[in-house]
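The values are calculated or read from the model by the stated rules, or taken from the named source; none is laboratory data. Bear in mind the structure is a predicted one, so any value in this text is a computation, not a measurement. For neighbour counting, all protein chains shown are included, and Cβ atoms are generated from backbone atoms with ideal geometry for every residue, glycine included. Areas reflect the complete protein model, heavy atoms only, side chains present, ligands, DNA and RNA absent. Shrake-Rupley method; radii C 1.70, N 1.55, O 1.52, S 1.80 Å.
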Amino acid sequence: MIEFVNVVKEYPNGFRAVDNLSLQLPTGEITVLIGPSGCGKTTSMRMINRLIDTTRGEILIDGRSNYDMSVVELRRKIGYAIQQIGLFPHMTIFENVAIVPRLLKWQDSRIRKRVDELLELVGLNPDTYRDSYPRQLSGGQQQRVGVARALGADPPIMLMDEPFGAIDPITREILQDEFLQIQERVGKTIVFVTHDIDEAIKMGDRIAILRDGRLVQFDTPDTILSNPINRFVRDFVGTDRALKRLGLYRVSELMNTNPPRVFMSDNINKALEQIEKQGVLSAFVVDEETGVLKGWVDRENARKNTSLLDAMSESGHGDIAVRENATARDVLSAMVNRGFRVTPVVDSKGRLKGSITLAALQELNDMDNDYAPTLPPALDTEE
C-alpha cells in the first residue's frame, strides 16, 4: 500500500501545489489522480519516487517512509511510464527495455528472457521488434515499449503520467484495453495520472479528484458517478454521469445467456414456439454447425411464411450484435443507432452468446431522474 500522510508541497514563493494530502492507495489496484490543471496530481505522483521532494508529511510504501530508502533503492521498486515515452533513440528496443535489469546486474540470459516476455505481454513479437529502433515504430508501438520498459525489473509499483495522452483516439482505446488485460495478469499497484475523466472512469479501480492541491473525493468510479460529494465533483464528471456510469459495466455481466434462438435448419413452427415460450417478439437465427449468428425472425414474419429462411431477416453479426467485452454504454449506442430494443451478444467469432435488453440497461440507472439518459421513442418498450 502507498499512503500519503498530511503531505505538503510548498514552493519558495509560498505556492502550495499539494496541500495536506492524506490518501491510501490499495495494493494491486489502479488509483487514478485527476483534476483541473494545477490541481497537484502530477506533483503528488512524482513525490512517490522522489522526483519531487515533499515539504512536510510522509509518503509510506508498505509502511516504510520513502525517505528511509535511498533514491536508487526506491526507484528500483517503481516503474515509470510517461506521455512522452522517453525511449532512447540510439538504443534498440531490446536495449531500451533492458535498461533497469542491466543496472541491477541481471545475467544476460535472464535479461533476454525478461525482455522477450515483456514484448509479448504488450503485444509485440520479440523476433520482429527486438532489434528495431524507436524511429521504426509507430507512436502506439513506442508506447507499448514504454510500458514494457516500466515493467522491466518487475516492480511492485508503477507510476503512469498520462501514458496514452499523445496517441490518436483509436490507438489510445486499444492500448487502454490491452493495459487493463495486462493488469489482470500482473496485479501491480498503479498510480495513474490523467486529465480525461472518461479515461479515469475506464482505467481506475479508485479515483482521487483533486482541486487546488487538496483531495475533494476519493472513491470507486461507480460511487463518484452516482454520488458526487459536491457541485465541483458533479460538474467535473459532467452532466452525462448516467451515460458514463453505463461504461463501467460489461455486457457479459448483464446479458441473458439463454436468448430465444433457432437453427437455420429448423422449421417455422420451432421459431414461433421459441418466440411464444419466452414472450418476446423475435428469435435469433444461428448456423447449426458453427453457432454463428445469421439474423433474426420476428413473430409477424413467422406467421406470414411457411419457411424459416423466407421469414428470416438476414444480417451479419457485425451489423446487429455487440461483443461480450462491450460496455453497457456501447450497447445503448448500438440500440439508438439501429433502433433495436434487444441486442444480440456474440464472441470474437460471431457465435451467439446471449442478448441484452433495454430493461437491463435501465435497471442499472438508479440515479436521480435529472441525470438519466434520454432515450428515443423507438426504444421505450421491450421487444
Just the residues that are among the hydrophobic types (A, V, I, L, M, F, W, C) and on the phi > 0 side of the Ramachandran plot, please, taken from the stretch 85-144.
ILE85
Find the residue count for the stretch 92-134, including only residues that are part of a helix (DSSP H, G or I), under 28 Å from the mean Cα position of the chain (by Cα) and closer than 24 Å to THR171 by Cβ.
15
Name the residue that is most open to solvent (accessible area, probe 1.4 Å), counting only residues in the stretch 142-162 that are in a loop (DSSP other than H, G, I, E, B) and touching a Leu at 6+ places or on another chain (Cβ under 8 Å).
ALA153
Test: residue in the stretch 169-176 that is modelled with pLDDT under 90, under 18 Å from LYS202 (Cβ atoms), open to solvent by less than 20 Å² (accessible area, probe 1.4 Å) and not in a loop (DSSP other than H, G, I, E, B)
yes
For the stretch 196-252, give me every one of the helices (runs of 4 or more DSSP H) that falls completely inside it and has 1 or more residues that are in contact (Cβ under 8 Å) with a residue 40 or more places away in the chain, β-branched (Val, Ile, Thr) and more than 15 Å from CYS39 (Cβ to Cβ).
197-203
Considering only residues that are exposed (fewer than 14 other Cβ atoms within 10 Å of the Cβ) and over 19 Å from GLY63 (Cα atoms), which ones fall in the stretch 1-35?
TYR11, PRO12, ASN13, GLY14, PHE15
Residue ID - farthest from ASP205 (Cα to Cα), chosen from residues in the stretch 240-253 that are in contact with a helix residue (DSSP H, G or I) (Cβ under 7 Å, 6 or more places away or on another chain) and open to solvent by 40 Å² or more (accessible area, probe 1.4 Å):
LEU243
Residue count for the stretch 182-195, restricted to those that are surrounded by 15 or more Cβ atoms within 10 Å (Cβ to Cβ) and out of contact with any strand residue (DSSP E or B) (no Cβ under 8 Å at 6 or more places or on another chain):
1
Filter pass, ASN258 being open to solvent by 40 Å² or more (accessible area, probe 1.4 Å) and either closer than 20 Å to GLY204 by Cα or not in a helix (DSSP H, G or I) (or both):
yes
Condition first: open to solvent by 40 Å² or more (accessible area, probe 1.4 Å) and touching a helix residue (DSSP H, G or I) at 6+ places or on another chain (Cβ under 8 Å). Now tell me which residues in the stretch 277-287 satisfy that.
LEU281
The stretch 288-383: helices (runs of 4 or more DSSP H) wholly inside it with 1 or more residues that are among the hydroxyl-bearing types (Ser, Thr, Tyr) and modelled with pLDDT of 85 or more are 328-338
